[in-house]
Structure formats: C-alpha cells, structure tokens
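Asks: Please read through the structure below; I'll follow up with questions.
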Amino acid sequence: MTQAPLPPKPLPRPDKVSLWRYFRLFRSDILSAQPARLYRAWMAEFRTPFFHSYLCNDPELVDLVLQKRPRDFPKSDRIREGLAPLLGNSVFITNGPVWERQRRIIDPAFEGGRLRDTFPAMWDAGIACVERLRARADGQPIEIEAETSHAAADVIFRTLFSIPIENAVAAAAFSEFRAHQKAQPIVNLGALLALPKWVPRFHSRKTRRTAATIRGLITELTAARMTQIKAGTAPNDLATKIMTTPDPVTGDTFDTAEMVDQVAIFFLAGHETSASALGWSLYLLALFPDWGDRLAAEAEAVIGPEIPYFSIINRLKQARAVFREAMRLYPPVPMMVREASCPEHFRDRDLPKGAQIVISPWHLHRHERLWERPDEFDPDRFATANGKACLRNAYIPFSTGQRVCPGAAFAMAEGPLMLAMIARAFRIAPVAGRAAMPVAHLTVRGRDGIWLALTPR
Ligand code: HEM
C-alpha cells in the first residue's frame, strides 16, 4: 500500500542555534524559527536580550488568556505600532473601552440574518472568480494566491460597499495594497516581536505613502456612503449597516474617520486571511485529487443549475470539512500575541508584568499530544471522537473569547462556497518542481506562492 503524501510543513530549526541565527530566522519566518519540540510542549519560554516571550500550547492556558481573563491580557503594543500606519485606531488593535464600543457597533452587522443578505454578493464574486480562472485553465501553471486574493478582495468590496473589484476605487485600493505589502515585506509577527521594545517602529516613506493612499481611497468610499445615508439612497450592505448602527450604550454612531479605520481592517483582515485559507484549500485538493472529485460531486448535487439560496452553504458539508482541515494545517493567522498586564504564574513558571504571551494556532493545531496523526490531511477527522474533542479545545483559526474574529461566520460561508464553485468547475493538479512551502507573513502564505494547474472538468 502506498502512503498518502504529507502536506508541506516547514523544517523546524535545530534545538540549539546561536542567538544571531535565531534572531535572523525569527525575523524572516517565525514558523521555521521554532524547534520541533514545540509540537509536543505545553509551554515554552524564549529569552533573548530583546524580547521575553512565552508560548502557550496548553488548552487550559489558551482558554485562560483568550476566554476567561481576556482583560488581563490585552493585545500587545508591539503589534499595534507595527500596523498603525494602515489601520489607525481600528478594532483589531485597540484595547479597553474604545475596543468595547467598536465591537458593540460592528458585531450586529455580522449576525446570522445579515449574513444571509450578503449571500448574493458572495455568489457573484464566486462566479466572477470562476470566469477569471476559466480564461487561464489550460493546464499551465497559475499562481493561485494572486487569484484567491483577488477573489477575496472582490467579496469584501461587494459585501461592504456593493461594488465589484473592477470599480475604479476598489481596484486602486487593491493594487495599492499589494504595493504596500511589497514596501513592508517584513511585516510579520516575528519581525514585530523581535525588535527591542525601545526601538521606535520606523516605517519607510514608501510604507507610509502607500498606507496613506489606501486610506485616502477608503475615505472616498466612506464619505460617499455617508452622503448617501443622509440622502436616504444608501444600498443595504455591510457598510450602511455598520454606519447606521448606534452604540447600544451611548447611542452614537461611527463618524466617517472612525469608519475609515474599521474599513481598513475589514479589508486587510477580511481578504488576506480568506485568500490564504482558500489558497491552501485548493493546494490540498491538488495533492489529494480524490477530495477534488468528492467536492465537485457534492457541489453538482447541491448547487444545481439555478442561482442558489444561502441555505446551500449548510449542505456543502464536504467543502466545509476540507476548508476546516486546511485552516487546521495552515491557520491563516498562525500566532497571536498578548501582553500580561500583571505578574502571572503559568504551569511552573513565573511571568513578569509585560511578558509577551504567544498563542499559536500553528502549533496547537498540529500538537502531537492532542491530535491523532496531526500532520496528515484528513477532512473526515472532524467526525471522529478525537476530531470533535480537538475542535472544542485545540482548534482556534478564528481565535476565541471576546476578541474572536467577528468575520468567522462570514468566512465560513465564503470559503466553502468559493471552494465548491472552483472544484465543480476545474480539475486541480500540482505543478512539478513547484511544491508550496508555508511561511508566515501577516498570514500563512506560500514561500514562492502556490502554483497549480487547472483544467476544465
Ligand atoms: C478565513 C478567514 C479569516 C480568519 C482565519 C480570521 C482570523 C482572525 C483571527 C485569528 C483574529 C484574532 C486576531 C488576534 O486576536 O490577534 C481575527 C480578528 C479579526 N477579524 Fe478575522 N479572520 C478571517 C476573516 C475575517 C473577515 C472576512 C473579516 C471581516 C469582514 C474579519 C475581521 C476581523 C476583525 C475586525 C478582527 C479584529 C477583532 C478584534 O480584535 O476584536 N476577519 N480574525
């Protein structure tokens, strides 16, 4: 019997390396900077002259930090400073009462009923994505991350502002965003963490310029929407919902400037992550073509020839299982950082106030003492006792607790839908000599992209 291939996983570093090598590894790729023992450890400590951090893999500690006492473990300042030029004062990086107010206004827009309303926009984005791919599905290599980014950005613009990615302002924001990432290639968690705290976060002139351009474009969209809301002509989409929802405590709504910060994070968090998850899901279908066939058959049976309704999402069970398993193996947000606001005692260690606490979906999702066959691709695992137990206590692609991703349900509708639509339309194969290798930028991406060959079914 031939063994199924294992999905790619970065080689860990040796247990002992020089501080200099560690520092360089850490800044370039936080995943391969870690030793193999982290896939078995419950907790680990990293001490260098510049940072002192603790990685928590024990589900009880993860629960304590994210669910039970989140107020004692706010988001780390280091991350906020690194992302500030683009994100301003957005919900992703604020803490305390400012953050609480922002979530009170944002959360209702992502509730179940509202999600149903976004389905037609997601469906249209899926059709447009399949059409773009069809024009290139001749068996030649395609770098699929660029395609999934395009599709995910399209979903965000259609659901938020009722405009497709072809709209001039949306297209300009998307292409500036790419320039922004190129100007700031080291924006990854390792780089943000590894700098000594007293070093101010310098942002290159290009980084500041591209961030300002993106924010300018978003301001254009947001100001125009504010005018439409006042005139009573605004479309019924997520932007209108968020901009007209009063804070249930104070009764006030976001002004244009506050909304710009939030739109910046919806754009960043909503398209980078979904693009990463969809890219890896498609790569896994290429490595495991039987699953591609299963998804195609399911999509054929569920979707049918007519424009479907939101209810199909619940029936795309295999697509959901594949998407879920892809996010287990390649969590788009591989690590999250919190700061201890008072001294703590975790397992047998004393943590000083200000300690950086790293919660790593990457390691938790592949933990050898929690998951059966952690490095294997097996979407059926979630139906087993071990899979169900781990889903509850060792699976956090969207984080958990009060700072859980507000877009989780949105992403779990968009991802499986897109995956099903693409699998129905194409056979997907890997490209010889271009195996993908994960690397942590802001999200988990292919070191040299993710290359696939598509042919029409
Ligand atoms: C597969 C797709 C997605 C994944 C894996 C994902 C994952 C996450 C994770 C892990 C966090 C917590 C980060 C931390 O605590 O440091 C987060 C926060 C956030 N996500 Fe998502 N996300 C996804 C899609 C979306 C979408 C579609 C939206 C909006 C349209 C969105 C909006 C946000 C926002 C606003 C936050 C900040 C919440 C807060 O700090 O209170 N995300 N996401």
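Asks: Given the criteria assigned to a helix (DSSP H, G or I) and within 30 Å of Val169 (Cα to Cα), does Ala269 qualify?
Replies: yes
Asks: So, one more: For residues that are crowded, with 24+ Cβ neighbours inside 10 Å and under 21 Å from the mean Cα position of the chain (by Cα), scanning just segment 422-437, find the one that is nearest to Asp63 (Cα to Cα).
Replies: Going through the qualifying residues, I end up with Ala436.
Asks: Of the numbered conditions (1) touching a residue at least 12 places away in the same chain (Cβ under 8 Å); (2) farther than 29 Å from Val431 by Cα; (3) open to solvent by 10 Å² or more (accessible area, probe 1.4 Å), Asn167 satisfies every one except a single condition; which is it?
Replies: Answer for Asn167: the failing condition is (1).
Asks: Another question, then. Taking the conditions exactly as written (farther than 17 Å from Glu111 by Cα and open to solvent by 30 Å² or more (accessible area, probe 1.4 Å)), does Ala389 satisfy them or not?
Replies: Answer is yes for this residue.
Asks: Starting from segment 50-63, take each residue that is in contact (Cβ under 8 Å) with a residue 24 or more places away in the chain and list its partners that are polar (S, T, N, Q) and open to solvent by less than 10 Å² (accessible area, probe 1.4 Å), counting only C-beta distances under 6 angstrom and pairs at least six apart or across chains.
Replies: Ser53/Gln356; Leu55/Ser360
Asks: Any residue at all in segment 304-315 that's within 15 Å of Leu419 (Cβ to Cβ) and either among the acidic types (Asp, Glu) or within 16 Å of the ligand (Cβ to nearest atom) (or both)?
Replies: For segment 304-315, residues within 15 Å of Leu419 (Cβ to Cβ) and either among the acidic types (Asp, Glu) or within 16 Å of the ligand (Cβ to nearest atom) (or both): present.
Asks: Ok, one more. Is there a residue being under 30 Å from Asn95 (Cβ atoms), touching a strand residue (DSSP E or B) at 6+ places or on another chain (Cβ under 8 Å), modelled with pLDDT of 95 or more and assigned to a loop (DSSP other than H, G, I, E, B) anywhere in segment 363-377?
Replies: no
Asks: Give me the pairs: first residue in segment 306-329 and within 14 Å of Ala383 (Cβ to Cβ), second residue in a helix (DSSP H, G or I) and of a type in the set (S, T, N, Q), beta-carbon distance under 8 Å, and six or more apart or on different chains, which are they?
Replies: Pairs that qualify, where the first residue is within 14 Å of Ala383 (Cβ to Cβ) and the partner is in a helix (DSSP H, G or I) and of a type in the set (S, T, N, Q), are Val322/Ser281.
Residues are listed down the side, and each one gets a yes or a no for (1) of a type outside the set (A, V, I, L, M); (2) in contact (Cβ under 8 Å) with a residue 60 or more places away in the chain:
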position: Lys353; (1), (2): yes, no
position: Leu364; (1), (2): no, yes
position: Asp378; (1), (2): yes, no
position: Gly387; (1), (2): yes, no
position: Thr400; (1), (2): yes, yes
position: Pro406; (1), (2): yes, yes
position: Ala409; (1), (2): no, yes
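Asks: List, please: which pairs have Cβ atoms under 6 Å, are six or more places apart or on different chains, and start with a residue in segment 91-107 that is more than 19 Å from Val337 (Cβ to Cβ) and end with one that is open to solvent by less than 40 Å² (accessible area, probe 1.4 Å) and within 8 Å of the ligand (Cβ to nearest atom)?
Replies: From segment 91-107, the pairs are Gln102/Val91.
Asks: Tell me which residues, restricted to segment 302-322, are open to solvent by 60 Å² or more (accessible area, probe 1.4 Å) and part of a loop (DSSP other than H, G, I, E, B).
Replies: The answer is Pro305, Glu306, Ile307, Tyr309, Ser311.
Asks: Considering (1) within 12 Å of the ligand (Cβ to nearest atom); (2) outside any loop (DSSP other than H, G, I, E, B); (3) in contact with an Asp or Glu (Cβ under 7 Å, 6 or more places away or on another chain), say which one Pro406 fails and leave the rest.
Replies: That leaves (2) as the condition not met.
Asks: How many residues are within 12 Å of the ligand (Cβ to nearest atom), open to solvent by 30 Å² or more (accessible area, probe 1.4 Å) and in a helix (DSSP H, G or I) if we restrict to segment 72-92?
Replies: 1
Asks: Given the structure, is Val337 among the β-branched types (Val, Ile, Thr), within 19 Å of Arg47 (Cα to Cα) and more than 9 Å from the ligand (Cβ to nearest atom)?
Replies: no
The values are calculated or read from the model by the stated rules, or taken from the named source; none is laboratory data. Since we're looking at a predicted model, the values are computed, not measured. Backbone-built Cβ (ideal geometry, glycine too); neighbour counts: all protein chains shown. In case anyone asks, the SASA skips ligands and DNA or RNA and just uses the protein heavy atoms, side chains included. Shrake-Rupley method; radii C 1.70, N 1.55, O 1.52, S 1.80 Å.
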